[in-house]
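To start, the structure itself, in structure tokens.
Every number here is computed from the coordinates shown, using simple stated rules; none is lab data. What you are looking at is a predicted structure, and each value in this text was computed from that prediction instead of being measured. Note that each Cβ is placed from the backbone with ideal geometry, even for glycine, and that neighbours are counted across all protein chains shown.
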Amino acid sequence: MRRINTLLIANRGEIAVRIIRTARQLGLRTVAVYSDADAKAPHVKLADVAIGIGPAPVGQSYLDAEAVLEAARRSGADAIHPGYGFLSENAGFAQAVAEAGLTFIGPGAEAIEVMGDKARAKRAMIAAGVPCIPGYEGEAQEEAVFIQAAKEIGFPVMVKAAAGGGGRGMRRVDREADLPAALALARSEAQNAFGSGDLILEKLVERPRHVEIQVFADAHGSTIHLGERDCSVQRRHQKVFEEAPCPVMTPDLRARMGEAAIAAAKAVEYRGAGTVEFLLDAEGKFYFLEMNTRLQVEHPVTEMVTGLDLVALQLKVAEGRPLGLAQSEVRLTGHAIEARLYAEDPAQDFQPATGEIDYWSAPDGEGVRCDAGIETGGAISPFYDAMVAKILAWGETRDIALRRLASALERTTLFGVPTNQAFLHEALGRDGFANGEATTAFIEENWGPAGYVAAKASDDEVAIAAVLLHARDREVARAAALDLPEELLDWSSSLPRPSIADFGEGSIQVIPDRMGVYTVRSRDQARKVELEPLGEASARVLVDGVPHRVGWMVAGPGRIHLQTGAQAFLFENQAALLDSAGGATGGGDVVANMHGVLVELLVKPGDRVTAGDRVAVLEAMKMQHQLSAEVSGVVREIGAKAGTQLAAGDLILAIEEGDEDAGS
């Protein structure tokens, strides 16, 4: 048995925090590593020891295996937990950890290597008798080979990166004519993300469920499964909701899928925690998708229905001890659902967002859990994944878990960057999800080509924001005054003097009636707004006698965040804000829409482009984003080179607008 005393967590964010908490409960000394961007992050503060490993870009920090190993040597760590992402499925890193005489919390390098290559994994699964999707997983990578294979398989097909997952290097192709472009894009994204441009093809299974089986194996010949998780609701092939058990699961289907998952694990002599992912069709047939040789993002839903701590089990197995749990002893109790909170703008095609965190408050309550790695005053960096927290709820039934999760989302507050919080809440209420019928087509079917449309602030919410902004300005003024009695606040010796707000849709007058009571006039309408004593981040407000519970905070002169339910708004009082320089750049300029690396320029000076043409590819937050021309014209200037790091708003290229026949 290899006893673990000091555990280094080679990760960041919520998973680092989550691992540290279990390790400390077990009495282990913990070591955090951090990049320059994470020097003050919560996981750094929580660990017993923290060691910097390099600059913000992942290739110079969290993906630098030697830097991580050096941190382990300096800290006296005898084991390394990789979490998920980064080096967690890097066979070379697992081997290097073992060669350094340290314990790697995960499977052996050989299992990681086989399962990390989709082509090799699929060949191994076919040999082990695990059901697989028809496709092409050969070594030949020429375009002609893929075109011929796709014809034989039949369209539509999925192009996938052989070396990775997470939706990167993946494209759906419906027609032969679209295959060459899809191959090129998938290969480029795969090369940048995983260091390998190898691809595979699979027949597209229409409207399946994405169901995965959690497996665990020890070094004493025991391999078991801990039930399934349904991860069907996805966007860009990245999961949004996960739940356990699967709403359509039967005991017989669970037994068959569990046996297939165990067979997959045994085929590569697996050790530790792993997840075997399947596609489940409407007829109850399932097909091997991939195996994740690590702890999954969504592992907490399994913990909530089994009562097991999967990180504790990982550490137990890594020390060489037996699982101590037979398959017959695994019990699934109740239902758990997880929602991934992303820093992104659903109304802008889920574009990742970055910025300062003005305020963060996690929900609590019966059956509610929140795993997060952020805090008030921190920042959402452009260098890492956009997921910032996981909100979970458990209930005796799925319906109870669903209601608790919806309520928890209403009690979650993140001010400062856009999030998908309101989208998550809306999705929970859609019939397809509420009834347990969601497939991988759920988002597309419910929001269609137009996508998600953000709610517009109601007149009541606008009035509340104006009053709260006035009340905070009044408190600031009172603090600056000398011994001003509270009863003189909002008092005037003449007629009541209104304060003026303009949130971009016309003037709003806030007229004090008496202490805490205001008349708000806008658009020829008047509302009576009454404030109860203000909390630090919440308030109870009556609008024409109707109560509202809101979250709020003033984020600077004339700026106020307001949250009602799961919906958050940022109001900016144009009357109080100074004109800012350097606003919009004009329709002919193509700029970086977020911090990232300019992967590819598709045009050069003198090229003529049409509005909608792809002109550049930007990689940010693990995804590649295609940038298009907003106007037709001629490329007159190139402002950045491929391979350079750009900040949001940096000029990439300038287009001189004009049609083809226009004179010079």
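The table below lists the values:
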read-out: Amide hydrogen neighbours beyond the local backbone of D650, cut-off 5 Å, H modeled; value: A592
read-out: Where trypsin sites (Lys or Arg not before Pro) in DSSP loops with at most 11 other Cβ within 10 Å are excluded, longest remaining stretch of the chain; value: 4-174
read-out: Out-of-range pairs (alpha-carbon distance over 24 Å; input K122/K151; K118/K151; K118/K266; K45/K390; K40/K456; K122/K285); value: K40/K456
read-out: Options V49, Y84, A71, ranked by Cα towards positive dipole end of the stretch 6-105, top entry (Cβ charges); value: V49
read-out: Dipole axis of the chain (+1 Lys, Arg; -1 Asp, Glu on Cβ), positive-most option in F571, P449, Q234; value: Q234
read-out: Label point 7 Å beyond Cα of E269 along Cβ direction - residues of the stretch 107-124 with amide nitrogen under 11 Å; value: 108-111
read-out: Two-site FRET efficiency, Q525 against S222, from Cβ-Cβ distance with R₀ of 56 Å, rounded to 0.05; value: 0.20
read-out: Calculated Rg and Dmax of the stretch 319-404 using C-alpha coordinates, Å; value: 17.5, 49
read-out: Over the stretch 211-447, relative contact order from alpha-carbon pairs under 8 Å, at least 6 apart, %; value: 20 percent
read-out: DSSP bridge pairs, the chain: antiparallel proportion in percent, nearest 5; value: 90 percent
read-out: Under the Karplus curve 6.51 cos²θ - 1.76 cosθ + 1.60, θ = phi - 60°, whole-Hz ³J(HN,Hα) for the stretch 136-153, x wherever Gly or Pro sits; value: 10, 10, x, 7, 5, 10, 5, 4, 4, 5, 5, 5, 5, 5, 5, 4, 6, 6
read-out: Cα long-axis angle, helix 251-267 against the chain (0 to 90 degrees, to the nearest 10); value: 60 degrees
read-out: Sum of -39500 (n - 2.57) over DSSP H runs of 4+, divided by residues of the chain (222 nm, nearest 500); value: -8000 deg cm²/dmol
read-out: Nonlocal amide H pairs with Q296, under 5 Å, H built at 1.01 Å; value: none
read-out: Rh by Kirkwood over Cα pairs, then Stokes-Einstein D for the stretch 134-203 at 0.890 mPa s and 25 °C, µm²/s; value: 213 µm²/s
read-out: Unit charges at the beta carbon, dipole of the chain: most positive-side option, P180, G649, I20; value: I20
read-out: Kirkwood hydrodynamic radius over Cα pairs of the stretch 6-105, then Stokes diffusion coefficient at 37 °C and 0.692 mPa s, in µm²/s; value: 254 µm²/s
read-out: Dipole magnitude (debye, nearest 20) for the chain, charges at Cβ of Lys, Arg, Asp, Glu; value: 1760 debye
read-out: Full-stretch length increase - D513, E99 - with 0.36 nm per residue and alpha-carbon distance subtracted; value: 141.5 nm
read-out: Built amide H within the under 5 Å cut-off of V615, gap 5+; value: L627, S628, A629
read-out: Whole-Hz couplings from phi, Karplus 6.51/-1.76/1.60, listed for the stretch 225-241; x for Gly and Pro; value: 10, 10, x, 10, 10, 8, 10, 6, 6, 9, 9, 6, 6, 10, 6, 10, 10
read-out: Coil-residue GluC sites (Glu not before Pro) of the stretch 217-293, DSSP, other Cβ within 10 Å capped at 13; value: E283
read-out: The chain: angle of helix 13-25 to the longest principal axis, Cα-based, in degrees nearest 10; value: 70 degrees
read-out: Tilt relative to the chain, helix 459-480 - C-alpha long axis, 0 to 90 degrees, to 10; value: 70 degrees
read-out: Cα convex hull of the chain - mean projected area over all directions, nm²; value: 34.4 nm²
